[in-house]
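Structure, as structure tokens:
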Amino acid sequence: MTKLARAAAMALPALLVAGAAFAQDAATPAIDTGDTAWMLTSSAIVLMMTVPGLALFYAGMVRKKNVLATMMQSFAICGLVGVLWMVLGYSLAFGEGNAYIGDVSKLFLSGMGTGWDAPFTLGSGDAAVATTIPESVFVMFQMTFAIITAALITGAVADRMKFSALMVFVTLWTLLVYSPVAHWVWHPNGWIFALGALDFAGGTVVHINAGVAGLVAAVVLGKRVGYGTDNMSPYNLAFAVIGAAMLWVGWFGFNAGSAVGAGARAGMAMLVTQVAAAGAVLAWLVAEWAVKGKPSVLGAISGAVAGLVAITPAAGFVLPGSALIIGVVAGLAGFWGATALKHWCGYDDSLDAFGVHGICGIAGALLTGVFAYGPLSGTPASPDGISGSFDQFMLQVYAVAAVFVFTGVATFILLKIVDAIVGLRVTEEEEREGLDVVLHGERLG
């Protein structure tokens with residue numbers, strides 16, 4: 001690099017912060033190694049959120065006879081969605097396509113040999129988003145999101161869904177529901193992206209998407225045998241605590257990694273993630289203490305997840321004070337969703353996939369439209385960024401409603417198709433015996 005080029009690069013920090021590609025010379029764009037290192041780290045810890053994080057979190061909350069089957073679901077989904085993402089999912093989500101779906105131009109990740117060592121630009125034309133990382137890292141980071149979204153749904157159907165049915169359903173759902181919604185929200189061609197609704201790290205794409213799918217699945221499958229009469233206490237809350245701790249740590253990659261670089265916005269996203277989670281833990285415990293007389297371990301870890309869910313869409317748009325409010329609201333909303341709401345409505349959301357992820361995802365997405373601090377999303381072309389306002393709030397409402405309805409209807413249709421092909425649920429006798437033995441021929445000692 002010439003001295004002139006080096007001086008020019010040092011004189012343009014705002015351009016670098018905005019994510020524009022840094023040119024080593026006129027012909028060869030250069031990857032930013034610091035940004036890439038952070039995104040590699042983020043990808044690894046987001047993957048850790050599913051295995052072993054979510055696997056332990058969910059397994060600790062089911063009965064002993066279903067622990068291995070529950071862990072198997074997360075582990076198998078990690079493999080299944082990893083392959084699906086490489087074969088077609090990434091192309092449908094992040095191919096050019098149109099406003100509603102990508103294309104098959106990146107089928108089997110074709111074309112990645114060209115420009116594999118250059119910065120990746122998402123989209124084309126005026127709306128294109130430039131990054132300072134290679135596309136391989138972006139593919140991997142987004143793959144971990146697709147994996148955990150599908151795995152979250154299993155919390156709503158724990159103890160009763162066939163493994164074969166789950167694998168078929170996740171295949172169809174990932175390609176026909178997750179990928180289109182990711183395209184709507186995160187690709188420059190997507191209609192929600194163009195609308196201007198905000199979702200920094202997955203309030204709509206991950207949590208509302210998975211939460212609504214879980215709710216529909218819980219209703220379609222029906223309640224667990226013995227629900228409301230049998231003792232369904234968690235087998236090992238220590239497993240759940242360890243899993244929740246891994247989720248909490250991994251969430252920093254989830255949210256701060258969504259800045260797609262190691263800059264000031266990533267730092268703010270990490271800080272507000274911690275603040276919101278902490279506030280939600282306290283809010284849930286206070287509510288539980290007031291209603292039930294004792295604060296529980298299960299309540300503490302559920303509160304943490306509630307806060308993490310709610311701050312996800314807002315992480316790159318809000319300041320710490322707003323994050324604390326979001327966290328407190330999430331703690332209270334999650335407690336209500338996991339206790340009162342499902343009992344009033346009469347569905348059996350086994351591990352509160354909708355009660356926590358759906359309800360708190362909705363709360364966080366809506367509050368993003370209230371508390372967004374413009375300069376955090378500012379660019380050289382638009383330094384004021386996007387600020388909270390009534391108009392922005394209504395855009396958030398529109399996006400939430402669209403994803404809720406689409407996911408609900410599509411999930412119902414896919415479940416009915418899977419039921420017709422392989423059947424959704426184990427028999428009553430098999431459910432009483434336990435899925436570990438019935439589905440996998442294994443049991444805990």
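Before moving on, here are some points about what is shown:
- Every test in (1) within 21 Å of GLU431 (Cα to Cα); (2) more than 20 Å from the chain's Cα centre (by Cα) is passed by THR70 save one, and that test is (2).
- Residue match in segment 295-313 (condition: within 30 Å of ILE386 (Cβ to Cβ), in contact (Cβ under 8 Å) with a residue 24 or more places away in the chain and outside any helix (DSSP H, G or I)): yes
- ASN189 being modelled with pLDDT of 95 or more and in contact with an Asp or Glu (Cβ under 9 Å, 6 or more places away or on another chain): yes
- So GLY203, is it modelled with pLDDT of 95 or more, within 30 Å of PRO119 (Cα to Cα), surrounded by fewer than 24 Cβ atoms within 10 Å (Cβ to Cβ) and not β-branched (Val, Ile, Thr): no
- For segment 22-117, the helices (runs of 4 or more DSSP H) that sit wholly inside it and include 2 or more residues that are crowded, with 19+ Cβ neighbours inside 10 Å, at pLDDT 95 or above and among the β-branched types (Val, Ile, Thr) are 33-48, 67-84.
- Filter pass, PHE254 being part of a helix (DSSP H, G or I), within 22 Å of TYR373 (Cβ to Cβ) and among the aromatic types (Phe, Trp, Tyr): yes
- Among the conditions (1) free of Cβ contacts under 8 Å to residues at least 12 places away in the same chain; (2) under 24 Å from VAL62 (Cβ atoms), the only one that GLY321 does not satisfy is (2).
- Pairs meeting the criteria (first residue in segment 36-52 and farther than 11 Å from CYS78 by Cα, second residue of a type in the set (Ser, Thr, Tyr) and assigned to a helix (DSSP H, G or I), beta carbons under 6 Å, at least 6 apart or on different chains) are SER43/THR144; VAL46/THR144.
- Test: ALA146 is over 30 Å from ALA338 (Cβ atoms) and touching a residue at least 60 places away in the same chain (Cβ under 8 Å): no
- When PRO134, PRO188 are checked against the criterion of being closer than 22 Å to LEU40 by Cβ, surrounded by fewer than 21 Cβ atoms within 10 Å (Cβ to Cβ) and either touching a residue at least 60 places away in the same chain (Cβ under 8 Å) or within 18 Å of the chain's Cα centre (by Cα) (or both), PRO134 stands alone in meeting it.
The values are calculated or read from the model by the stated rules, or taken from the named source; none is laboratory data. Small disclaimer: the values here were computed from a predicted structure and weren't measured. Don't worry about glycine lacking a Cβ; one is built from the backbone with ideal geometry, like all the others, and counts go over all protein chains shown.
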